[in-house]
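Structure first, commentary second.
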Amino acid sequence: MKFADRLATVGPYLFFDLDQKAAAARARGVDVINLGIGDPDLPTPGAIVDAMVEGARDPATHRYPDYQGALRFREAVAHFYQRRFGVALDPRQEVLGLIGSKEGISHLTWAAAGPGDVVLVPEPSYPVYAVQARLAGATVFSLPLTAGQGFLPNLAAVPDPVWRRAKLLWINYPNNPTGAVADRAFLADAVDRCRAHDVLLASDQAYSEIGYDGYRAPSVLEVPGAKEVAVEFFSLSKPYRMTGWRLGAAVGRADAIHALSLVKTNTDSGQFTAIQLAGVRALEPDQDQAIQAAVGVYQRRRDLAVSALRAAGFDAAAPRATFYLWVPTPPGLSARDTAALVLDRTGVVLTPGSAYGESGEGYVRLSLTAPDDRIQEACGRIAAMRLV
Ligand SMILES: *Cc1c(COP(=O)(O)O)cnc(C)c1O
């Protein structure tokens, strides 16, 4: 049979493709170092694992979870937002539990936009924003992120007719893949513009806790009045090294939380309650030090990789947040050519920047989620290629 037309708008998921290439090289006997995907190599803190085990022993968790997410988990998210950002949230109306933020990012798109609507998507960006908009039948309007503008979208350049058709604007700071950060003035401007044009502002905060040299990312909900305009996606994946557990939350604007929950509760049945209880444990204040310890490790790796790449002639900048380096490719080599050449000659997997959108051309992304000695080894192999 012929599958639905909408499938033609979607290619294989970026990292699925990269994983297969890496596996093929490994099968050829290559010592592959995967700096492609951003997936923490450090284990989940023990106290969080213990809470999951304890939760799993309680038969009450063996039944269907609460549709909105366990109230205890939603309360824990609200307490975390109060403590970390000074933002007050009503756990019943303004917090929704998610099976990882990717799930919520996808379902919010279906709740917000369809044929005839526009979704404003920065590029390069996490591929899910644009792919889900296309699957939902909406039109993607791309907002290029360039070094000259600090990798912030130029919202003033969006034409009025586009704003009129727009339903949703995505922002993601600290940013994957560029490592850029946004200040409160940018967030306040985005809130103002979305309010003026009656557009839902969606902020992806996957990296809010991964900041270096004392940098602490703000939440868009810190902007006065933002809760009428914005919804934010918080994920336990990156701060607590819980990518495999699938746990996150959507917070903020109540009508958006309600709309998302309508799509979601008609689609899935929520995350295993024992995992949500592990999330409650993670969000307790004593786990802040577990985050800080991991951030210290990434910061050390960042410094090590940046100095090795600079010594090899690359124009590598040290990001203030996220665990990614966004490195300009050697002159005359495209992002895909660079990534393919590096994999072929050294077994190091990098992500071509162009895979995140056309403005990512001319960059490769390196993830710092591998042990120090492997990062050192990878940079050494790349340096030995004398590409620059
Ligand atoms: C990793 C990542 C996510 C997904 O996180 P999950 O909560 O694990 O689904 C979302 N957005 C960005 C930008 C990411 O890099």
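Summary table
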quantity	calculated
Verdict on GLY104 being touching a Ser or Thr at 6+ places or on another chain (Cβ under 7 Å) and either open to solvent by less than 20 Å² (accessible area, probe 1.4 Å) or aliphatic (A, V, I, L, M) (or both)	no
Pairs with Cβ under 7 Å, 6+ apart, first in the range 39-68 and closer than 30 Å to ARG365 by Cβ, second exposed (fewer than 14 other Cβ atoms within 10 Å of the Cβ)	ASP41/PRO371
Lone unmet requirement of (1) touching a helix residue (DSSP H, G or I) at 6+ places or on another chain (Cβ under 9 Å); (2) more than 18 Å from VAL118 (Cβ to Cβ); (3) within 16 Å of the ligand (Cβ to nearest atom) for LEU201	(2)
Checking VAL53 against (1) open to solvent by 50 Å² or more (accessible area, probe 1.4 Å); (2) away from the ligand (no atom under 15 Å from the Cβ); (3) within 30 Å of GLU377 (Cβ to Cβ); (4) assigned to a helix (DSSP H, G or I), the condition it does not meet	(3)
Test for GLU232: is it at pLDDT 95 or above and either open to solvent by 10 Å² or more (accessible area, probe 1.4 Å) or not assigned by TED's automatic domain parsing to the domain that holds GLY100 (or both)	no
Of residues in the range 90-108 being farther than 23 Å from GLY137 by Cα and within 12 Å of the ligand (Cβ to nearest atom), the one nearest to the chain's Cα centre (by Cα)	GLY100
Matching residues, the range 260-302, being without any contact (Cβ under 8 Å) to a residue 60 or more places away in the chain and surrounded by 14 or more Cβ atoms within 10 Å (Cβ to Cβ)	ASP288
Considering residues of the range 237-255 that are within 9 Å of the ligand (Cβ to nearest atom) and within 16 Å of ALA321 (Cα to Cα) only, the residue least open to solvent (accessible area, probe 1.4 Å)	SER237
Residue list for the range 109-131, filter: within 12 Å of the ligand (Cβ to nearest atom) and assigned to a helix (DSSP H, G or I)	VAL128, TYR129
Hits in the range 321-342 - residues which are at negative phi and open to solvent by 30 Å² or more (accessible area, probe 1.4 Å)	PRO328, PRO331, LEU333, SER334, ARG336, ASP337, ALA340, LEU341
Some residue of the range 67-85 being among the polar types (S, T, N, Q), open to solvent by 50 Å² or more (accessible area, probe 1.4 Å), in contact with a helix residue (DSSP H, G or I) (Cβ under 9 Å, 6 or more places away or on another chain) and assigned to a helix (DSSP H, G or I)	no
Per-region count, the range 155-172, residues more than 13 Å from PRO124 (Cα to Cα) and either open to solvent by less than 10 Å² (accessible area, probe 1.4 Å) or in a loop (DSSP other than H, G, I, E, B) (or both)	7
Filter pass, LEU152 being more than 13 Å from the ligand (Cβ to nearest atom), modelled with pLDDT of 95 or more, within 17 Å of the chain's Cα centre (by Cα) and open to solvent by 20 Å² or more (accessible area, probe 1.4 Å)	yes
So ALA318, is it open to solvent by 10 Å² or more (accessible area, probe 1.4 Å) and modelled with pLDDT of 95 or more	yes
Sole residue being open to solvent by 40 Å² or more (accessible area, probe 1.4 Å), modelled with pLDDT of 95 or more and assigned by TED's automatic domain parsing to the domain that holds ALA293, chosen from ASP17, ASP31	ASP31
Selection count where residues are under 29 Å from THR369 (Cβ atoms) and either touching a Phe, Trp or Tyr at 6+ places or on another chain (Cβ under 6 Å) or hydroxyl-bearing (Ser, Thr, Tyr) (or both), scope the range 176-205	11
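Quick grid of which residues meet (1) at pLDDT 95 or above; (2) in a helix (DSSP H, G or I):
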{"site": "LEU341", "(1), (2)": "no, yes"}
{"site": "ARG345", "(1), (2)": "no, yes"}
{"site": "ARG365", "(1), (2)": "yes, no"}
{"site": "ASP373", "(1), (2)": "yes, yes"}
{"site": "GLY380", "(1), (2)": "yes, yes"}
{"site": "LEU387", "(1), (2)": "no, no"}
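The values are calculated or read from the model by the stated rules, or taken from the named source; none is laboratory data. In this text the structure is predicted, and so the values were computed from the model without any measurement. Virtual Cβ from ideal backbone geometry, glycine too; neighbours counted across all protein chains shown. In case anyone asks, the SASA skips ligands and DNA or RNA and just uses the protein heavy atoms, side chains included. Shrake-Rupley method; radii C 1.70, N 1.55, O 1.52, S 1.80 Å.
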